[in-house]
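Have a look at the structure below before the remarks.
The values are calculated or read from the model by the stated rules, or taken from the named source; none is laboratory data. All figures in this text were calculated on a predicted structure; none of them were measured in a lab. With ideal geometry, Cβ positions are generated from the backbone for all residues, glycine too; neighbour counts draw on all protein chains shown. Ligands, DNA and RNA are excluded from the accessible area calculation, which covers all protein heavy atoms including side chains. Shrake-Rupley method; radii C 1.70, N 1.55, O 1.52, S 1.80 Å.
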Amino acid sequence: MPKLQQVTILGATGTIGVNTLDVISQHPHSFEVFALTANQNVDVLFNQCQKFNPRYAVTLEEQAADQLSAKLKKAGSATEVLSGMAALEFVSAHEKVDAVMAAIVGSAGLNPSIAAAKAGKRILLANKETLVMAGSIFMHAVEEGGATLLPIDSEHNAIFQVMPHEKRASLNDSGVKKILLTASGGPFRKSSAEELKRVTVKQALNHPNWVMGPKITIDSATLMNKGLEVIEAHWLFNASAEQIEVVVHPQSVIHSMVEYVDGSVLAQLSNPDMRTPIAYALGYPERLQSGVSSLDLFKIGRLDFEAPDTDKFPCLRLAFDALKAGGNAAAIMNAANEVAVEAFIKEKIGFTDIPALIESVMESSQIKAVSDLEMLIVADKEARIAAKAWVKRAA
Ligand code: NAD
Ligand code: MG
């Protein structure tokens, strides 16, 4: 790598943020932390600031920033503390920054991701909601700003690794027939439709293969995570809905595959540990040590595959519907899903209410073409209002 890279980590206190700092700490001569951000987790952010000495620390809430600032001052730290959305955008677009890890969860990640894109940064994109909500606008900002986009989601990172990197007009021009997007199937792969109705929050928060934040863990249990990833793959790789096939692979060892026109299928395999895709994107095009142990194929023994069941897990079907509908449909679906997941975690609605709520909001919303971000933000807001009304009626 040419020089010491200055990195901003958005969502530093989350699962992806913590794993990113773990990889960076293994390469002190290649990376320096420029800014760390969090919603309001002051204690974790304080410890991270002590260890990595960033120039800036940012929280969304002002109160959290005041607390953090007092603690850092007392400890003699030179880190400057800022707060609010404008500050998140500031540390994403700052001229000193080379790379931005976009690892805020949910739609809150959109504006800082777009700011990094417009400023031409190297964007390590974990926040899939950015692409689901505003794929066309974000990809346009990447192009205009001359940014480099590297996917962190393990599936998309895998696809990126086995996809040709020369820019071609279409997947067909690259000799690609389709993308095989793998899915673990989540903790309820074998549950009956009846059992799904009685799923508790605790059961849904217990993913068989991955340790992740609560929102994506619930999304994995409903298969909405795979739905979001289908839309993410559409934007990242210019793939149509017909060119993306979801394959349930319970061991989560193959992280996705690409099928070429000659019949070749290329796959990327590794232990399910996000430090592999994070290290790949941090080092790209070089390979870096990540701290992930070797894949023990003898211990794994076998790899299984099955088709997803969209009757039992309608969220995946809803996401394909949203992708095919285009315009504001995916933003509406994403907003309804965020409200539904939060309501489920707070035990206001049941597990199978999540797809019912999303479908109802999608059906009652006006699906239309979008020309700017403002229209998507309006669609997001209206869908949240409709979703909250649904939750109220259900309670
Ligand atoms: P997490 O809940 O563990 O962490 C989220 C981070 O975002 C925290 O630092 C939190 O403080 C911050 N945050 C939350 N709300 C915020 C707001 N309103 N404004 C500013 N900051 C806010 O989540 P995670 O599992 O690390 O996932 C982060 C993103 O990466 C998600 O979009 C997720 O879909 C994606 N992703 C995660 C994994 C994984 O293995 N965890 C894998 C693939 C993709
Ligand atoms: Mg994934």
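Okay, here's what the table says:
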| quantity | calculated |
| --- | --- |
| Ranked order, VAL265, VAL91 - accessible area, probe 1.4 Å, largest first | VAL265, VAL91 |
| Amide H contacts under 5 Å for PHE31, placed H, 5+ residues apart | GLN5 |
| Calculated P(r) of segment 5-151 - Cα pairs past 23 Å, % | 28 percent |
| Globularity index of segment 326-395, i.e. its alpha-carbon radius of gyration over 2.2 N^0.38 Å | 1.06 |
| Solvent-accessible surface ranking, highest first, for ARG168, ARG275 at 1.4 angstrom | ARG168, ARG275 |
| Relative contact order computed over segment 5-151 (Cα-Cα under 8 Å; 6+ residues apart), in percent | 21 percent |
| Surface per residue (accessible, 1.4 Å probe) for the chain, Å² | 44 Å² |
| Listed residues LYS167, LYS226, LYS118, most fluctuating in the chain (Gaussian network, C-alpha, under 10 Å) | LYS167 |
| Relative contact order [Cα under 8 Å, 6+ residues apart], the chain, whole percent | 14 percent |
| Within a Gaussian network of the chain (alpha carbon springs, distance under 10 Å), most fluctuating of LYS299, LYS121, LYS215 | LYS299 |
| More than 17 Å apart - percent of Cα-Cα pairs taken over segment 289-338 | 60 percent |
| Long pairs among LYS190/LYS392; LYS177/LYS312; LYS3/LYS121, criterion Cα-Cα beyond 22 Å | LYS190/LYS392; LYS177/LYS312 |
| Amide hydrogen neighbours beyond the local backbone of SER252, cut-off 5 Å, H modeled | none |
| Among 21-32, 155-166, the order from most to least packed when residues are scored by Cβ within 10 Å on average | 155-166, 21-32 |
| Cα gyration tensor category, rounded, prolate or oblate, for the chain with a/c compared to 1.5 | rounded |
| Translational D in µm²/s for segment 252-354 (Stokes-Einstein at 4 °C, 1.567 mPa s, Kirkwood Rh from C-alpha pairs) | 74 µm²/s |
| Phi to ³J(HN,Hα) by Karplus 6.51 cos²θ - 1.76 cosθ + 1.60 over segment 312-320, Hz, x for Gly, Pro | 6, 10, x, 4, 5, 5, 4, 5, 4 |
| ³J(HN,Hα) computed for each position of segment 390-395 - Karplus, 6.51 cos²θ - 1.76 cosθ + 1.60, integer Hz, glycine/proline x | 4, 4, 4, 5, 6, 6 |
| Within straight-line cross-link reach of LYS74, lysines at Cα separation under 22 Å, skipping those fewer than 8 residues along the same chain | LYS51 |
| Accessible carbon and sulfur surface of the chain relative to its total accessible area, %, 1.4 Å | 50 percent |
| TRP235 - accessible surface, heavy atoms, 1.4 Å probe, Å² rounded to 10 | 80 Å² |
| Rounded, prolate or oblate (a/c below 1.5 giving rounded, otherwise prolate when a/b exceeds b/c) for segment 1-81 by Cα gyration tensor | prolate |
| Packing rank of 138-148, 327-337, where each peptide gets the mean count of other beta carbons within 10 Å, highest leading | 327-337, 138-148 |
| Dipole magnitude (debye, nearest 20) for the chain, charges at Cβ of Lys, Arg, Asp, Glu | 700 debye |
| Among ILE278, ILE114, ILE367, residue whose mean-square fluctuation peaks in a GNM of the chain (springs only between Cα atoms under 10 Å) | ILE367 |
| Sequence-distant residues sharing a close amide H with ILE244 (under 5 Å, placed H) | ILE179 |
| Rounded, prolate or oblate (a/c below 1.5 giving rounded, otherwise prolate when a/b exceeds b/c) for segment 88-209 by Cα gyration tensor | oblate |
| Estimated vicinal HN-Hα couplings, Hz - segment 65-75 in sequence order (Karplus 6.51, -1.76, 1.60; Gly, Pro = x) | 5, 4, 4, 5, 4, 4, 5, 5, 4, 4, 8 |
| Semi-axis lengths, Å, segment 179-231, gyration tensor of Cα atoms, sqrt of 5 times eigenvalues | 18, 13, 10 |
